[in-house]
Amino acid sequence: MLDLIGTTVLIAAIAVILNATITTMPLSAVQKLTTVTIAGLWIGLAIALATTGIYTSQATPVPVVGVMVGLPVIVVGGAALLSARVRETLLALPVPLLVGLNTLRIFAAGSWCFWRCRDG
């Protein structure tokens, strides 16, 4: 039961973070829809991989968690380096919003990990 609560809090945090970030970005409606679609597909892939148990498998040759976390950062960072428009859009996000969202993310992930480690 506590695992379910932790997972629910983590998913709610992801939804809040995605919604707050996308609605704050100065993008057209089509650009926002495209960004949310890409992010949703990536989150769906992460959940699908989690259900297979690949994150806990010791036999996995590729560090899947590192790829799932690192690849979006590399792609967005590369896009920001190559495109002034992407860079301006990312810099338009208010710093207090980013601090608040990261606090929420850390709290949600920490509570999930706490309940998960406690059960196991």
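The values are calculated or read from the model by the stated rules, or taken from the named source; none is laboratory data. Note that this is a predicted model, so its numbers are computed, not measured. Using ideal geometry, Cβ is built from the backbone for each residue, glycine included, and neighbour counts are taken over all protein chains shown. The area values use the complete protein model at the heavy-atom level, side chains included, leaving out ligands, DNA and RNA. Shrake-Rupley method; radii C 1.70, N 1.55, O 1.52, S 1.80 Å.
Considering only region 24-46, state which residues are surrounded by 11 or more Cβ atoms within 10 Å (Cβ to Cβ), within 22 Å of residue 108 (Cβ to Cβ) and either β-branched (Val, Ile, Thr) or without any contact (Cβ under 8 Å) to a residue 40 or more places away in the chain (or both).
24, 35, 36, 38, 39, 40, 42, 43, 45, 46
Of a type in the set (S, T, N, Q) and assigned to a helix (DSSP H, G or I): does that describe residue 23? Can you show your working first?
Values: of a type in the set (S, T, N, Q): yes; assigned to a helix (DSSP H, G or I): yes.
Yes: the conditions hold for residue 23.
Out of (1) surrounded by 13 or more Cβ atoms within 10 Å (Cβ to Cβ); (2) part of a helix (DSSP H, G or I), the odd one out for residue 4 is which?
Unmet for residue 4, out of (1) surrounded by 13 or more Cβ atoms within 10 Å (Cβ to Cβ); (2) part of a helix (DSSP H, G or I): (1).
Tell me which of these residue 106 doesn't satisfy, since it passes every other one: (1) open to solvent by 100 Å² or more (accessible area, probe 1.4 Å); (2) at pLDDT below 70.
(2)
Does residue 56 satisfy being modelled with pLDDT under 85 and more than 18 Å from the chain's Cα centre (by Cα)? Break it down stepwise before answering.
On the way: modelled with pLDDT under 85: yes; more than 18 Å from the chain's Cα centre (by Cα): yes.
Yes: the conditions hold for residue 56.
If you scan region 74-94, which residues turn out to be outside any loop (DSSP other than H, G, I, E, B) and open to solvent by less than 100 Å² (accessible area, probe 1.4 Å)?
Restricting attention to region 74-94, the residues satisfying the condition of being outside any loop (DSSP other than H, G, I, E, B) are 74-82, 84-91.
Within region 74-94, 75, 76, 77, 78, 79, 80, 84, 86, 87, 89, 90 qualify.
Can you tell me which of (1) open to solvent by 50 Å² or more (accessible area, probe 1.4 Å); (2) modelled with pLDDT of 90 or more; (3) of a type in the set (Ser, Thr, Tyr) is the one residue 21 doesn't meet?
(1)
Answer with yes or no whether residue 16 is of a type in the set (A, V, I, L, M), modelled with pLDDT of 80 or more and loosely packed, with under 11 Cβ neighbours inside 10 Å. Spell out the reasoning first.
Values: of a type in the set (A, V, I, L, M): yes; modelled with pLDDT of 80 or more: yes; loosely packed, with under 11 Cβ neighbours inside 10 Å: no.
No: the conditions fail for residue 16.
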